[in-house]
Amino acid sequence: MPSRTVTIGTRVMWAIVLVASIALITCGAIVWALGHSSVSADATNRLEHSRDRIRQLAADRVDPSSGRPLEDVSSVLRAHIQRTAEGPGEAELGFVGTSSGTELTWVSSDNVSFRPEEDAELLKQVTSQAAASESVIETVRTPSSSYRVLVVPVQDGSQRGALVHVIDLQVAESQLLRTMAFYAAAAVFTVALVTGLAWFAVERLLRPIEQLRRATESIGEDDLTTRVPVRGRDDLTALAAAVNRMLDRVQTSVEAQRNLLDDVGHELRTPIAVVRGHLELTDPGDPEDVRQTQLLTIDELDRMGMLVDDLILLAKSAQSDFTAPVATDVAELTELVFDKSLALGERRWQLESAAFTRADIDPTRITQAWLQLVANAVKYSEHCSTVSLGSAVREGHLLMWVGDEGIGIAPEEIDLVRQRFKRTADAQELAPGTGLGLSIVETIVAAHGGELDIRSQVGAGSVFTMRIPLKAPVSAPATKTDTPESTASSAPHRTQGVIRHEQHPDC
């Protein structure tokens, strides 16, 4: 049988409970050690106070309560024991004798509940110490209990005695034991409370992880749209956002692959069928038929090659290294694209504006997109009509446009021409094409974080403007010719001035 899985929430909760328990136990041990040390120190202080009083009384030889003189050691011990108020677990004994030995003579009054004389082992030890010449404070342990004992010798000529003050440490520690019992009960309650709060807090804290698990489990070939809810500002929220971004990339990649397969299957099927059909019908014995079939086949294969190149480019657009932005001189790039455009058709060419600024763009991809727009302008415009190019900076955006005097696009068909393999009826009649040109342009512009703006009027022409945000603000953008209306109106772009004009000899 598979082993049971322990959730991370359970492990975190038990870790919190374990840490809380260790902390409470450690605090309890410290409190016990400090309390025990305090009890022992307090007992020692009381014994030292008792030692000082008996010494003072032995030196004065006057009964403080009656003022009568104390004639011998026995009377000194009796007077001291009678006036001493013993606390719980505390009592005094008086030993009287000669230099040869002492014996128990005085004990505490009957109202004292603690009777140390009843502990034979204790009595045996203090009796042997009563004959000593120096006072001593020590701890005595017997099978019955542990005691803190003071022995103070009192001597008068040949008569000698000793005061023994005994404190039962178990009785003295009883209050500490009650305190520790309350502490233990409070600790158990605290651990139970921490367990409940930890379960509630950990469950809420780790809920994004459970949502991550469910989201990843629900992702399959048929559903790539599931995302993790993002709430809060903690690390788990950042993790959820990162997973969502990863899922976005996965979805984009998978959809790009699906679109590529669909596009390849859709677009290559027709030229393959054309080539196959003509090859099947070719008469090998007719040289003219073979030559015509060869030319048609080569033309179809060239079209297939161009189509495959376009599809591969669109597939690469999903990769992170599709563009490589570098600081680029926009005015120089504009001039370069204009020069390359002159070879694309017999038109009246106009360079309307060049932005004197630097922008972080991929000059190779931008040139590719720009020339694609120029090629479209040439394809769908009349011989010797005007095609204009330009660049400018407007409101933090770099604008690069191509204008023509071609067939134009109806407003309701603008969304259509943005789609892959979609062309208007007028465009299909005027020139062949795959319908991938604008898709490639929009892909390149989108990779720069921008958008393609289309302004067109049927029969008058179109303006296609690549609008790319500048990453850093430009303090003083300048253009050779100011063109504020470059994308402001719905009519085709026209400027007041032209900084460069080129015209084909046939125009």
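The values are calculated or read from the model by the stated rules, or taken from the named source; none is laboratory data. All figures in this text were calculated on a predicted structure; none of them were measured in a lab. Virtual Cβ from ideal backbone geometry, glycine too; neighbours counted across all protein chains shown. All accessible areas refer to the heavy atoms of the entire protein, side chains included, with ligands and DNA or RNA removed. Shrake-Rupley method; radii C 1.70, N 1.55, O 1.52, S 1.80 Å.
Overview of results
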item: Burial order of peptide ranges 6-12, 202-208 (average beta-carbon count within 10 Å, highest first); result: 202-208, 6-12
item: Carbon plus sulfur fraction of accessible area for region 343-444, probe 1.4 Å, in percent; result: 48
item: In the chain, lysine pairs with alpha-carbon atoms under 22 angstrom apart (chain gap of 8 or more, or interchain); result: 4
item: Heavy-atom accessible surface of region 134-281: percent carbon and sulfur, 1.4 Å; result: 59
item: Accessible area of Y183 in the full protein assembly, 1.4 Å probe (Å², nearest 10); result: 60
item: Accessible surface, the chain, averaged per residue in Å² (probe 1.4 Å); result: 55
item: Calculated from backbone phi, Karplus (6.51, -1.76, 1.60) coupling profile of region 403-409 in Hz, x at Gly/Pro; result: x, 9, 10, x, 6, x, 10
item: Calculated from backbone phi, Karplus (6.51, -1.76, 1.60) coupling profile of region 237-242 in Hz, x at Gly/Pro; result: 5, 4, 5, 4, 5, 5
item: Distant-in-sequence amide H partners of Q155 (H built 1.01 Å from N, under 5 Å); result: G161
item: Share of carbon and sulfur in the accessible heavy-atom surface of region 2-60 [1.4 Å probe, %]; result: 66
item: Isolated Cys residues of the chain, judged by Cβ distance under 4.7 Å to other cysteines; result: C27
item: Theoretical ellipticity at 222 nm over the chain - DSSP helices of four or more residues, -39500 (n - 2.57) apiece, nearest 500; result: -17000 deg cm²/dmol
item: Dipole in debye (nearest 20) - region 147-250, about Cα centre, beta carbon charges: Lys, Arg +1; Asp, Glu -1; result: 240
item: Shape category assigned to the chain from the gyration tensor of Cα positions, a/c cut at 1.5; result: prolate
